[in-house]
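Notes for the one structure printed next.
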Amino acid sequence: MKILALDTCLEACSAALWDDGRTLDAVSEPMARGHQERLAPMVAEMMARAGVEFSALDRIAVTVGPGSFTGLRVGLAFAKGLALALDRPCVGVGVLEALATGAANQGFVAAAVDAKRGQVYLQVFADGRAIMAPDGLDIPVAAARLAELWGGGPAVLVGSGAPLLAGVLPEAQVLETAVADPVAIARLAAVARPPFAPARPLYLRAPDAKLPGGITPP
């Protein structure tokens, strides 16, 4: 199964080409803005390097958030347009699950993204199974939730928000990263089973941007 995996939710533009457990190619370029201009050329260059035609793809995987409002919409629009053109399924993947999967497959793993303004996006996993839904929380609330869910033993904190919660689990391994591994996104899409839910953006708080007249964009 050949999968094209994409991520534009966080502080990078990333893509991977995955084929039945083998990574054919992967690329990640740090950026806070400019995903729209870079994503299509990046994917085309990667596919050409791997010598794989777009028609050979079986699935398109894309992160749906939480993260940058503009960034995640860029990735979703590109992935859904490509999937429609190829008549292939578009599989949405939570970026917090991708962070946790890239960090560890077993044990207690908390993925946390610094959402700024004193908040984090948090999701916690035990042996690869989510034990809470993604949530946007004030840091003290997130710390209390983490302490409540942790049952002792080894733990991993991963993501840009991991250092903000490190004091809660003093023995935990802290993996501070601002990006999700696109290969982990592909792995998650590979084990997903149809029927697939429509890939929609996961917003955990209202956007900072306002339209003229103070209207929040959809």
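Throughout, read-outs are computed from the coordinates displayed, never taken from laboratory work. Because the structure is predicted, anything quoted here is derived from the model rather than measured. Cβ placement follows ideal geometry from the backbone for every residue including glycine, while neighbour counts extend to all protein chains displayed.
Against the longest principal axis of the chain, how steep is helix 139-149, in degrees 0 to 90 to the nearest 10, with axes from Cα atoms? With rounding to tens, the tilt is 90 degrees.
Across q = 0.16, 0.21, 0.25 Å⁻¹, region 99-175 modelled as identical point scatterers on its alpha-carbon atoms has Debye log10 I(q)/I(0) values of -0.45, -0.81, -1.20, in the order of the q list.
Over the residues of the chain, the helix contribution to mean residue ellipticity at 222 nm works out to -9500 deg cm²/dmol, using -39500 (n - 2.57) for each DSSP H run of at least 4. For region 1-86, the ratio of Cα radius of gyration to the globular rule of thumb 2.2 N^0.38 Å stands at 1.00. As a proxy for reagent exposure, ranking Asp135, Asp181 by other Cβ atoms within 10 Å from fewest up yields Asp135, Asp181. Note on the chain: along the principal axes its Cα atoms extend 49, 48, 32 Å, ordered by decreasing extent. Would you work out if region 60-112 is rounded, prolate or oblate? Take a ≥ b ≥ c from the square roots of the eigenvalues of the alpha-carbon gyration tensor; rounded if a/c is under 1.5, else prolate when a/b is larger than b/c, oblate otherwise. Oblate, since a/c reaches 1.5 and b/c is not below a/b.
Angle of helix 182-191 to the longest C-alpha principal axis of the chain, folded into 0 to 90 degrees and rounded to 10: 80°.
Apply 1/(1 + (r/R0)^6) to the Cβ-Cβ distance of Ser55 and Arg200, taking R0 = 35 Å, and write down the FRET efficiency to the nearest 0.05. My answer for the efficiency is 0.85. Of Glu148, Glu176, the sequence from fewest to most neighbouring Cβ atoms within 10 angstrom is Glu148, Glu176. Spin-label model, Asp87/Ala192: points 7 Å from Cα along the beta carbon direction are separated by 2.1 nm. Cβ crowding within 10 Å ranks Arg117, Arg129 as Arg129, Arg117, fewest other Cβ atoms first. Does anyone have the angle between helix 35-50 and the longest principal axis of the chain? Alpha-carbon axes, 0 to 90°, nearest 10? So the inclination is approximately 60 degrees.
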